[in-house]
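The structure under discussion appears below in the form of structure tokens.
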Amino acid sequence: MKSEVKTALIFGIIIVVGIGIMSIVFSTFDEQVIPSNVLTDGDLLSEIDKSKFKQAPDLVGIAHYLNTTPEKLSDDMEGKVVLYDIWTYSCINCIRTLPYITSWSDKYSDQEFLVIGIHSPEFEFEKNPENVQMAVDKHGITYPVVLDNDMETWKAFENRYWPRKYIADHEGYIRYDHIGEGGYKETEKVIQQLLEERQTSLGIQMASASTLVDIEEFEHTMFRTPELYFGYTFAQNRNQLGSEEGFQPGKIVTYSDNANIDLHKFYLTGDWKNHEDSMELISETGTIKVLYNAKEVNIVTDGNAELEIFLDEIPLNEKYSGKDIPIGNSLIVSDPDLYNIISSENSASHIMEINIKGKGFQMFTFTFG
């Protein structure tokens, strides 16, 4: 074998291995933990040096309060173990954590444990208190939720991710920090440990919970299509729009059908206005087509429209229908929200086409699981 061929072969193997490693790294990004310094079984309360912990920042720039008032929240936080959940209601990763967080709130609230939902919006429509209230009701959230519309509390926590959980002890020191989904057992054990620490510190005798909340965790596909953004600002530096016309900020563009489509890209037909965070359908009808790899597909939309969904040129059937598809292959959308349209047992590659009837319909993002 010639040396040039050997070199090319070795180089090719290195590339393949490198891509595999990067896929694993990115696929596990949904479950990141920032190391915490909580008590372990052998620790004594007197040995804790809290000078190495940061105090939880104040909640600043709050535009609206749900399930509470500013005065009541301030009183409720005093001397409690507090879980701060930074989330936004159209984020699928945030939504998947909510069953655990609401269960912890129900389970430990009588032990001086408090959850505060810090709703830091990604899209403009998520700043509307009525929309957030709709999501709070939908997901059975009874703990306080504050609307951080200008991202001031987000910045105070020096945060950059959705979702993110911080847990502060009864003296206000941040003792645990978790990014993304996952880590639920570890998180609950930290809650139990900090509650026990509080009791010991205050000389209180209370029955402590030992069992953990048992909820089936969503299993991510290792190799899946990344989130696809329809707004030109959000999609900046991402090569995600496959249509030849491309993004044209602020303009109404007539997109034509493409004969060939690439994996991990979306394609449009019809007249669409390019917004910073979305595409708005200007014509009466239009289509969105995407070649993806995943077992689950979610969309974030706004505006009244009827969506007809096809998978590999066949009307969507029950085998692949998401939980928000009532029957058949059609979905009526109205409220600005996230909709689960594809759900299957196994990950696979499919061409999905969405035929849209409804001028003014807005598409914000695809997310995949």
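Each reported figure results from applying straightforward, stated rules to the coordinates on display, with no laboratory input. What you see is a predicted model; the values in this text were computed from it and never measured. All Cβ positions, glycine included, derive from the backbone under ideal geometry; neighbour counts span all protein chains shown.
Using only Cα atoms, find the angle between the long axis of helix 3-27 and the longest principal axis of the chain, and express it within 0 to 90 degrees, rounded to the nearest 10.
Computed tilt is about 50 degrees.
Could you work out how far helix 92-108 tilts from the main Cα principal axis of the chain, as a 0 to 90 degree angle to the nearest 10?
Roughly 20 degrees, rounded to the nearest 10.
If you place +1 on the Cβ of every Lys and Arg, -1 on the Cβ of every Asp and Glu, and leave all else neutral, what size is the dipole of segment 228-368 about its Cα centre, to the nearest 20 Debye?
Working: 10 positive and 21 negative charges, 42 e Å.
Dipole of segment 228-368, to the nearest 20 debye: 200 debye.
Where Lys and Arg each count +1 and Asp and Glu each count -1, what net charge lies around residue 201 among other residues with Cβ under 12 Å from its Cβ?
Working: positive: 50, 198; negative: 112, 169, 171, 196, 197.
With Lys, Arg at +1 and Asp, Glu at -1, the net is -3.
Can you give the calculated 222 nm mean residue ellipticity of the chain, where each DSSP H run of n ≥ 4 adds -39,500 (n - 2.57) and the sum is split over every residue, rounded to the nearest 500 deg cm²/dmol?
Numbers: 6 runs with 84 residues, N = 369.
Dividing the helical sum by the residues of the chain leaves -7500 deg cm²/dmol.
Report the one residue of 249, 326, 311 whose Cα lies farthest in the direction of the positive end of the charge dipole of segment 228-368 (charges on C-beta: Lys and Arg +1, Asp and Glu -1; origin at the Cα centre).
Positive-end residue among those listed: 249.
Using the count of nearby Cβ atoms within 10 Å as a rough guide to exposure, how do 301, 142 rank from fewest to most? Before the final figure, lay out each step's value.
Numbers: 301 25, 142 12.
Ascending number of Cβ neighbours within 10 Å: 142, 301.
Arranged from highest to lowest average of other beta-carbon atoms within 10 Å per residue, in what order do the peptides 262-272, 238-248 appear?
Working: 262-272: 19.6, 238-248: 15.1.
In decreasing order of mean packing, 262-272, 238-248 become 262-272, 238-248.
Using the Cα centre as the reference, give the magnitude of the dipole from point charges on the C-beta atoms of the chain (Lys, Arg: +1; Asp, Glu: -1; all else neutral), rounded to the nearest 20 debye. Working shown, then result.
Details: 30 positive and 59 negative charges, 197 e Å.
Charge dipole, the chain, about its Cα centre: 940 debye, nearest 20.
Counting only other residues whose beta carbon sits under 12 Å from that of residue 289, what net charge do I get with K and R as +1, D and E as -1?
Working: positive: 265; negative: 257, 262, 312, 313, 353.
Neighbourhood net charge equals -4.
Between residue 344 and residue 259, with labels modelled 7 Å along Cα→Cβ, what's the label distance in nm to one decimal, could you check?
2.7 nm
Starting from 0.36 nm per residue, how many nanometres of slack lie between residue 219 and residue 319 once their C-alpha separation is accounted for? Present the calculation step by step, with values, prior to reporting the outcome.
Working: separation 100, 0.36 × 100 = 36.00 nm, distance 1.83 nm.
Length difference between fully extended and current span is 34.2 nm.
Can you tell me how much longer the chain between residue 357 and residue 55 gets when fully stretched, taken as 0.36 nm per residue apart minus their C-alpha distance, in nm with one decimal? Write out the running numbers ahead of the final one.
Working: separation 302, 0.36 × 302 = 108.72 nm, distance 5.14 nm.
Length gained, residue 357 through residue 55: 103.6 nm.
Just to confirm the number: angle between the C-alpha axis of helix 129-138 and the first principal axis of the chain, 0 to 90 degrees, nearest 10?
The two axes meet at around 80 degrees.
Taking a quarter of the surface of the Cα convex hull of segment 117-187, what do you get in nm²? Show your work: numbers first, answer last.
Numbers: hull surface 22.3 nm².
So the mean shadow area of the Cα hull is 5.6 nm².
In square nanometres and to one decimal, what's the mean projected area of the convex hull around the Cα atoms of segment 201-354? Spell out each step's value before the answer.
Details: hull surface 56.3 nm².
Value for segment 201-354: 14.1 nm².
Count neighbours as other Cβ atoms within 10 Å of each site's Cβ, and list the GluC sites (Glu not before Pro) in segment 126-182 that are DSSP loop with at most 16 such neighbours.
Working: sites: 126, 130, 152, 158, 171, 181; in loops: 158, 171, 181.
Those that pass, being in a loop and sparsely packed, are 158, 171.
Only four residue types carry charge here, +1 at the Cβ of Lys and Arg and -1 at the Cβ of Asp and Glu. Report the dipole size of segment 259-311 about the Cα centre in Debye, rounded to the nearest 20. Kindly include the intermediate steps, with their values, before the conclusion.
Numbers: 4 positive and 10 negative charges, 63 e Å.
Around 300 debye, computed over segment 259-311.
Return P(r) of segment 161-261 (all Cα-Cα pairs; 5 Å bins starting at 0; whole %; ordered from short to long distances).
2, 9, 13, 13, 12, 8, 8, 8, 7, 7, 5, 4, 2, 1, 0
List the lysines whose Cα sits under 26 Å from the Cα of residue 80, skipping any in the same chain fewer than 8 residues away.
Once the sequence-local lysines are set aside, what remains near residue 80 is 50, 52, 54, 72, 107, 155, 165, 185, 189.
Can you run phi through the Karplus equation (6.51, -1.76, 1.60; θ = phi - 60°) for segment 170-185 and list ³J(HN,Hα) in whole Hz, with x for Gly and Pro?
Karplus values, whole Hz, x for Gly and Pro: 5, 9, x, 8, 6, 10, 7, 8, 9, 9, x, 7, x, x, 5, 5.
How big is the chain in terms of Cα radius of gyration and Dmax, in angstroms?
In Å, with Rg to one decimal and Dmax whole: 23.5, 78.
Within a 10 angstrom radius of the beta carbon, how do 85, 75 rank from fewest other beta carbons to most?
75, 85
What is the local net charge at residue 62, summed over the other residues whose Cβ is closer than 11 Å to its Cβ (Lys, Arg +1; Asp, Glu -1)?
On the way: positive: none; negative: 58, 148, 150, 152.
Local net charge: -4.
If N is the number of residues in segment 53-163, what value comes out of its Cα radius of gyration divided by 2.2 N^0.38 Å? Mind dumping the intermediate values first?
Details: Rg = 13.0 Å, N = 111, 2.2 N^0.38 = 13.2 Å.
After normalising by residue count via 2.2 N^0.38 Å, the value is 0.99.
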